[in-house]
Amino acid sequence: MSIAKVLLTDDEKPFVETMIKRLEKRDLEMAAAYNGQDALDRLSEDSTIEVVILDIKMPVMGGMAALKEIKSKYPLVEVIMLTGHATVETGIEGMKMGAFDYLMKPCDMDQLLAKVEEAAQRKRKHEQKIMDARLKEITLRKP
């Protein structure tokens with residue numbers, strides 16, 4: 001079983017292809033998107049995606065706009081912001097909007113892997129709490 005199902009979203013195709021190969025070797029199940037709208041389309045098609053690695057600067061729909069949409073439509077999906085242009089302010093703004101964390105490009109592979117694993121665990125924990133609450137609600141209902 002893979003550590004997590006991850007959607008890597010970045011407009012730099014060679015970067016995406018290289019990162020996907022490297023991350024798949026480390027037991028991640030990967031999917032690719034090349035802008036924010038593409039990421040939203042992929043999320044609507046695949047409910048197994050747990051973590052989105054999202055570049056901030058992209059054409060069509062940038063990372064911050066995509067983050068807002070992802071958290072609105074898929075609140076349990078965790079998002080790790082990735083940027084070569086980040087300022088601390090951008091990172092903080094992303095965290096306020098619901099991002100799990102942010103990393104600077106080029107990022108350390110082990111650090112990225114650790115963040116993805118942490119984010120996937122958090123998503124699974126939230127899903128478990130929701131399932132537990134629903135089960136409790138069903139079992140407490142009177143016939």
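Readers should treat all values here as calculations from the given coordinates under stated rules, not as data from a laboratory. Everything numeric here is computed off the predicted structure, so don't read it as measured data. Positions of Cβ are backbone-derived with ideal geometry, glycine not excepted, and every protein chain shown enters the neighbour counts.
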Inset, instruction - Please find the FRET efficiency linking D110 to R141, where r is the Cβ-Cβ separation and R0 is fixed at 41 Å, and quote it to the nearest 0.05. - result: 0.30
Inset, instruction - Would you list, by chain and number, the lysines whose Cα falls below 20 Å from the Cα of K21, excluding same-chain residues fewer than 8 positions away? - result: K5, K13, K105, K115
Inset, instruction - Mind giving me the FRET efficiency for V60 and Q128? R0 is 25 Å, r the Cβ-Cβ distance, nearest 0.05 is fine. - result: 0.10
Legend entry - Where the Cα pairs of the range 4-140 fall when distances are cut into 10 Å bins, in %: 13, 45, 31, 8, 3, 0
Legend entry - Inverse mean reciprocal Cα-Cα distance (Kirkwood Rh) of the range 67-143, Å: 14.3 Å
Legend entry - Sorted by Cβ density within 10 Å, fewest first, the residues I92, I49: I92, I49
Inset, instruction - Please compute P(r) over all alpha-carbon pairs of the range 100-139, binned at 5 Å starting from zero, and give each bin as a whole-number percent. - result: 5, 22, 19, 14, 11, 9, 9, 5, 4, 2
Legend entry - Fewest-first ranking of L113, L8, using other Cβ atoms within 10 Å as the exposure measure: L113, L8
